[in-house]
Amino acid sequence: MVERRDIDIILSSPIDWEIFRDKTILITGATGRLGMYLVEAVSKANIDWNLNITILVEARSEQKLRDVLGNSLEFPYIHTIIQDVTEPIHWDGGNIEYIFHTAGLASPKDFTDTPVDTLWGHVQGTHNILELARKKCTQKILYISTIEIYGECEKEKKIEETDMGVLHCDNARACYPEAKRLCETMLAAYEEQYGIGYVGIRLCHTFGPGIVLDDGRAFSEFIDNALNSRDIVLQSVGNAVRTYTYVADAIGAALLAFTKGKERYYNVANINNLISIRDLAEMIAGFDIEKKSKVVY
């Protein structure tokens, strides 16, 4: 499922791969769009530069893991941990120097249909990761966060790391950003008390191979409609503006921040892809080869 050209894009970034030499790395959520790219990128770097990395991949479903990673699981340096991240994580081997934590529900459909699962998936999952890190002498964690932790910020203003807006905690939709905020606090607490280092990546919208077309995201639903020659129906005039980052660029940025970054958190976004929902819908409708799809307001 991972595009090989995308792995080349990631490996072309000035990432300091040497810090991973002879280390063990755990990647959670390995069947997700971000997780599978991390697995494949680290695996390719391991081969290209003979880094002697041990890669642990965690996922709930062994079958899905095989569907997503395929023959990559046959490499002797890759080991699977089949379990839900909300359960205490067990690894009988030695220390785990680095953890890339990507697991957790993150789509609008999840927030609407299973807000409780979304909330505890992030909170319990991150707690289990930090407890594992404490026991396995982990040096550093890469945490995938979201710009949603900024809450409601001023309109027409670019978000900066120092911003922090209001979140309406009495709304079930807050299950995702509130959970992410708590997870960031947990990381800070564990660093303060146990010395576990970390860097966080706050992502905007990402797209690329592995995207699910019925997860409730506007981008996904627009593509699904265009592929099936259906109209794209907007419930507003579509003035809201979003930025979309290709998954290979997002992973390259995350690894670059992890290996060379000096700050705690980085916002990762492609400002050149800034586009309104209306313009995005019109553009995607134009991809319909049957020329039947149109935008309806």
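The values are calculated or read from the model by the stated rules, or taken from the named source; none is laboratory data. Here the structure is a predicted model, which is why all the values come from computation and not from measurement. With ideal geometry, Cβ positions are generated from the backbone for all residues, glycine too; neighbour counts draw on all protein chains shown. Side chains included, ligands, DNA and RNA excluded: accessible areas come from the protein's heavy atoms. Shrake-Rupley method; radii C 1.70, N 1.55, O 1.52, S 1.80 Å.
Scanning the stretch 194-235 for residues that are more than 27 Å from Ile289 (Cβ to Cβ) and either open to solvent by less than 10 Å² (accessible area, probe 1.4 Å) or touching a residue at least 60 places away in the same chain (Cβ under 8 Å) (or both) yields Tyr194, Ile196, Tyr198, Val199, Gly200, Ile201, Arg202, Leu203, Cys204. The set of residues in the stretch 246-289 being in contact with a Leu (Cβ under 8 Å, 6 or more places away or on another chain) and of a type in the set (Phe, Trp, Tyr) consists of Phe258 alone.
Selection of the stretch 251-290 for residues being hydrophobic (A, V, I, L, M, F, W, C) and either open to solvent by 20 Å² or more (accessible area, probe 1.4 Å) or without any contact (Cβ under 8 Å) to a residue 40 or more places away in the chain (or both) yields Ala253, Leu256, Ala269, Ile271, Leu274, Ile275, Ile277, Met283, Phe287, Ile289.
All conditions but one from (1) over 22 Å from Ala253 (Cα atoms); (2) free of Cβ contacts under 8 Å to residues at least 60 places away in the same chain; (3) over 19 Å from the mean Cα position of the chain (by Cα) apply to Asp163; the one that does not is (1). Would it be correct to say that Gly70 is part of a helix (DSSP H, G or I) and farther than 24 Å from Lys180 by Cα? Yes. The condition of being of a type in the set (A, V, I, L, M), over 24 Å from Thr185 (Cα atoms) and either surrounded by 15 or more Cβ atoms within 10 Å (Cβ to Cβ) or touching a Lys or Arg at 6+ places or on another chain (Cβ under 6 Å) (or both) holds for only one of Val42, Val123, Val85, that being Val42. If you check Val268 against the conditions, is it closer than 22 Å to Ile7 by Cα and in contact with a strand residue (DSSP E or B) (Cβ under 7 Å, 6 or more places away or on another chain)? The answer is yes for Val268.
With respect to the conditions (1) closer than 18 Å to Val123 by Cβ; (2) open to solvent by 30 Å² or more (accessible area, probe 1.4 Å); (3) in contact with an Asp or Glu (Cβ under 7 Å, 6 or more places away or on another chain), Asn171 lacks only one, and its number is (3).
Of all residues in the stretch 89-108, at least one satisfies being at pLDDT below 95, under 17 Å from the mean Cα position of the chain (by Cα), farther than 23 Å from Tyr190 by Cβ and surrounded by fewer than 18 Cβ atoms within 10 Å (Cβ to Cβ).
Can you name every residue in the stretch 40-60 that is basic (Lys, Arg) and part of a loop (DSSP other than H, G, I, E, B)? Arg60, the sole residue that qualifies.
If the condition is being closer than 26 Å to His90 by Cα and either assigned to a loop (DSSP other than H, G, I, E, B) or open to solvent by 10 Å² or more (accessible area, probe 1.4 Å) (or both), then the stretch 3-39 contributes Ile19, Arg21, Asp22, Lys23, Thr24, Gly29, Ala30, Thr31, Gly32, Arg33, Leu34.
Kindly indicate whether Val241 is open to solvent by 10 Å² or more (accessible area, probe 1.4 Å), in contact with a strand residue (DSSP E or B) (Cβ under 8 Å, 6 or more places away or on another chain) and not polar (S, T, N, Q). Yes, satisfied.
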